[in-house]
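Worksheet for the structure shown next.
Just so you know, all these numbers are worked out from the coordinates, no wet-lab data involved. Nothing here was measured: the structure is a model prediction, and the numbers come from that model. Cβ placement follows ideal geometry from the backbone for every residue including glycine, while neighbour counts extend to all protein chains displayed.
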Amino acid sequence: MQRKILIVEDEESLLKLESILLTTKGFHVQGVTTGTAALKAVAENPPDLVLLDIMLPEMDGFEVCRQIKSSPQSRHIPVILLTAKKSPEDMIRGKAVGADQYITKPFKSSMVIAAIERLLNPPA
């Protein structure tokens, strides 16, 4: 069964790049460019994992993550924050809103794939 990943990234080129990367690894990918669209996608068609940028129009990734994690319908969905924000405060805030992993840009695709695999296939 193909695992579904929701990518939330407002930068078109990066969204395309991440989509191609994950599609070639055998994932089904849905991409959205705003926090509002992300919450709608999670509610309507829950993914197996969310790859979430923090700096987004309308609503930032911290708030999107907080809402995903505070809903009984979606709190089990792993969220990886993928962001250019590197400060310790941001990382602490990421944990506080429930992010399962915090990866800073620029990132190595192998690192992102490894984090996804780890979160989707936890050791039994």
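General observations
- Based on C-alpha pairs under 8 angstrom that are at least 6 apart in sequence, the chain has a relative contact order of 22 percent.
- Each peptide in 109-116, 29-36, 43-50 receives the mean, over its residues, of other Cβ atoms within 10 Å, and ordering these scores from highest gives 29-36, 43-50, 109-116.
- Here Lys16 is the anchor, and the lysines within straight C-alpha reach of less than 24 Å, apart from those fewer than 8 places off in the same chain, are Lys4, Lys25, Lys40, Lys85, Lys86, Lys105, Lys108.
- Pairs of Cα atoms farther than 19 Å apart, the chain, %: 41 percent
- When you count the other C-beta atoms within 10 angstrom of each residue and take the mean per peptide, 97-106, 75-84, 11-20 line up highest first as 75-84, 97-106, 11-20.
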